[in-house]
1. Please enumerate the residues belonging to the stretch 113-155 that are at pLDDT 90 or above and assigned to a loop (DSSP other than H, G, I, E, B).
2. Just to be sure I understand, how many residues within the stretch 71-91 are at pLDDT 90 or above and within 16 Å of residue 140 (Cβ to Cβ)?
3. Hey, can you tell me all the residues within the stretch 103-151 that are surrounded by 17 or more Cβ atoms within 10 Å (Cβ to Cβ) and acidic (Asp, Glu)?
4. I'd like the residue in the stretch 2-46 that is of a type in the set (Ser, Thr, Tyr) and modelled with pLDDT under 75 and, out of all such residues, is surrounded by the most Cβ atoms within 10 Å (Cβ to Cβ).
5. Say whether the condition of being without any contact (Cβ under 8 Å) to a residue 12 or more places away in the chain and out of contact with any Ser or Thr (no Cβ under 7 Å at 6 or more places or on another chain) is met by at least one residue in the stretch 33-51.
6. For residue 45, are the conditions met, namely being assigned to a helix (DSSP H, G or I), in contact with a helix residue (DSSP H, G or I) (Cβ under 9 Å, 6 or more places away or on another chain), among the basic types (Lys, Arg) and under 21 Å from residue 7 (Cβ atoms)?
Amino acid sequence: MSSGRIPELITAALERVSRLFRKERGSAHLHTGRKGEDMAFYFLRRQGYTIVARNWRCKGRKGEVDLIGWDGRVLCFVEVKTRRSRAVATAESAVDKAKQDELRAMAKVFVRHHDPQPQCRFDVVSVYLIAGEEPEIDLFKDAFSWRSISGKRRF
C-alpha cells in the first residue's frame, strides 16, 4: 500500500465512525456529492495537484468552488460532479453555461488577491459511483475558458 493512500483510508474510516455518532442530515444526493468530492480530492493529489481550498465561497456570490489547487504553476478551479448512474447524461455535462459563469466570477475574486496574477484554468472532475462497480473518476483539464463561448462545449 502506498503512503499516498493512507490519508484517504483514514478519512474513509473516520467518516464511517462519525456516522455512528451523528444523525445523518441532508438528502442522499448531498452525501453522494460529498463522497465524490472526497474521492476527487485524493485523486487530484495523486495526480500531483496541491489543493489549497475546498468548498471555497466568497461574499456576494451564491455558489462555491469545489476544489482549488495548483497543478505545477497553474492555479486550477475544479468543479466536481458525482453521479450514481449514467442513465440520463454525463456528469461533466452538468457544468452548464450558468455554472461556468459563476465559477469564472468566483475565480476572479480568488485571484484578485494574488500578485502577480497566476496562470489559471478550469478543470472538471466526473465521479461515477455505480453500485456493484469500481468508482470511476475522469479529469477534464482546461474544460472551459475564462471567456464564455456560446454554443461550444468541450465535453
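1. Within the stretch 113-155, 118, 129, 130, 131, 132, 133, 134, 135, 145 qualify.
2. 10
3. Once the filter is applied, which keeps residues that are surrounded by 17 or more Cβ atoms within 10 Å (Cβ to Cβ) and acidic (Asp, Glu), the stretch 103-151 yields only 123.
4. So, considering only residues that are of a type in the set (Ser, Thr, Tyr) and modelled with pLDDT under 75, the one surrounded by the most Cβ atoms within 10 Å (Cβ to Cβ) is 11.
5. Within the stretch 33-51, one or more residues are without any contact (Cβ under 8 Å) to a residue 12 or more places away in the chain and out of contact with any Ser or Thr (no Cβ under 7 Å at 6 or more places or on another chain).
6. yes
The values are calculated or read from the model by the stated rules, or taken from the named source; none is laboratory data. Computed from a prediction, not measured in an experiment: that's the story for all the values here. For neighbour counting, all protein chains shown are included, and Cβ atoms are generated from backbone atoms with ideal geometry for every residue, glycine included.
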